[in-house]
1. Using the per-residue mean of other Cβ atoms lying within 10 Å as a proxy for protection, in what order, highest first, do the peptides 40-50, 60-70 fall?
2. In what order, largest first, do Cys85, Cys223 sit by accessible area if the probe radius is 1.4 Å?
3. Could you work out the local net charge near Glu154, counting Lys and Arg as +1, Asp and Glu as -1, over the other residues with Cβ closer than 15 Å to its Cβ?
4. Within the accessible area of the chain, what % is carbon and sulfur when the probe is 1.4 Å and the other protein chains stay in place?
5. Can you give me the Kirkwood hydrodynamic radius for the chain, using every pair of distinct Cα atoms, in Å to one decimal?
6. With a 1.4 Å probe and all protein chains left in place, how much accessible area per residue does the chain have, in Å²?
7. Using +1 on the beta carbon of Lys and Arg, -1 on that of Asp and Glu, and nothing else charged, what's the dipole of segment 1-107 about the Cα centre, debye to 20?
8. Tell me which of Met173, Val244, Leu195 sits at the most positive position along the dipole axis of the chain, charges placed on C-beta atoms (Lys, Arg +1; Asp, Glu -1).
Amino acid sequence: MMQAVILAAGRGSRLGSMTDAAPKGMVEVAGKPILDWQRRALLAGGAEAVTVVTGYRGEVVADYGFGTIINDDWSFGNMLSSLDCALRTFSGPLIVSYADILYNPATVRDLIVSDSPLAVAYDRDWLSLWQRRFDDPLSDAETFRLGTDGNIAEIGGKTVNVADIEGQFMGLMKLGLEGRKWIENLLAVRPEARLGMDTTTLLSTLITEGKPIRGIPATGGWCEIDDLADWEVAEALVAEGRLVLTGRGAEGGAQ
């Protein structure tokens, strides 16, 4: 069974008053919460169930109809503390998604069919999106390079050269049984990583250890919603037809 887990424990304070009463995954884009659009994309892409790791105002997510896992460390943890909650709950392969991104079911499908122990979705056309999000795209972008074998050679560094960036990590990945063991072993040896290490640093550490992590290019539009300006970009992308939000709803029917 391919279980999908959305890491949605944080508040998203950079969205201001939009997250006063609910976490940022419940912020609406094109009339539906981000988490709803994600569930639709994940189910349409081949996931059989979707669970959300919650923390801040987790009851709002549960009341919307999601199965939830509570991350009690959400206020001083990070993505890895929520990922650890998911790894402790589910034993099989996992699709893992950040809670503040929108993406196409085709990207989920491409991750699921990958035979890599750990596969990471990335955006090849990152620069056009980052130019809409930032006055200086390089102020936020991180290095991302692929090897000739299609595996990621570098991720998560800072650079002043666009040529060092072949894509951007989207916050969406698949952990096969071997891949999740790599992460579980790292967290066992370095338990402090749950509180102080971000995901790209985790991936970079595994790459340094010689672990093969496959880069899966995104199919169709996507975006990240980190602050109010990003939310405006997301609404504009939908209105322009550059981001088509689709998929199956909670009941599995066409929506």
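1. 40-50, 60-70
2. So, going from the largest accessible area down, we get Cys85, Cys223.
3. Details: positive: Arg145, Lys158, Lys211, Arg214; negative: Glu142, Asp149, Asp164, Glu166, Glu209.
That sum, taken over residues with Cβ under 15 Å, equals -1.
4. Here it works out to 49 percent.
5. Computed over Cα pairs of the chain, the Kirkwood hydrodynamic radius comes out at 18.2 Å.
6. Value for the chain: 43 Å² per residue.
7. Values: 8 positive and 10 negative charges, 42 e Å.
That gives a dipole near 200 debye.
8. Looking along the dipole axis, the top candidate is Met173.
The values are calculated or read from the model by the stated rules, or taken from the named source; none is laboratory data. The shown structure was predicted, so the numbers you read here are calculated from the model rather than taken from an experiment. Using ideal geometry, Cβ is built from the backbone for each residue, glycine included, and neighbour counts are taken over all protein chains shown. All accessible areas refer to the heavy atoms of the entire protein, side chains included, with ligands and DNA or RNA removed. Shrake-Rupley method; radii C 1.70, N 1.55, O 1.52, S 1.80 Å.
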